[in-house]
Amino acid sequence: MYGEGMQPLFFHTDNNLCISIWGDEIAKFTGKPPEMTLGNKYYEVLPLISLEGKDALADAVRTNSALSLR
């Protein structure tokens, strides 16, 4: 599923789009430790995840759906 040796980059937000979990692999990939990211809106830490001009993560939260990027 992932490239050889590549681990999934995982984070979780609450209903307000604030990061509540910041996985080890995404911390390594971005160089941003959890203490820099937790509690911040995801788009203050990462680029906005958009689909058709809308915030895809906000839509996923609103519809209580998971969002997976590959």
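The values are calculated or read from the model by the stated rules, or taken from the named source; none is laboratory data. This structure is a prediction, so every number in the text was calculated from the model and none was measured. With ideal geometry, Cβ positions are generated from the backbone for all residues, glycine too; neighbour counts draw on all protein chains shown. Surface accessibility is based on the protein's heavy atoms, side chains included, excluding ligands, DNA and RNA. Shrake-Rupley method; radii C 1.70, N 1.55, O 1.52, S 1.80 Å.
Residue by residue, here is whether (1) free of Cβ contacts under 8 Å to residues at least 12 places away in the same chain; (2) aliphatic (A, V, I, L, M); (3) loosely packed, with under 12 Cβ neighbours inside 10 Å; (4) not in a helix (DSSP H, G or I) holds:
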residue	(1), (2), (3), (4)
PHE29	no, no, no, no
GLU35	yes, no, yes, no
PRO47	yes, no, yes, yes
ALA60	yes, yes, no, no
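With respect to (1) open to solvent by 100 Å² or more (accessible area, probe 1.4 Å); (2) assigned to a loop (DSSP other than H, G, I, E, B); (3) out of contact with any helix residue (DSSP H, G or I) (no Cβ under 9 Å at 6 or more places or on another chain), the lone exception for LEU69 is condition (3).
State all residues of the range 49-58 that are of a type in the set (D, E, K, R), surrounded by 14 or more Cβ atoms within 10 Å (Cβ to Cβ) and assigned to a loop (DSSP other than H, G, I, E, B); if no residue qualifies, say none. Hits for the range 49-58: nothing passes.
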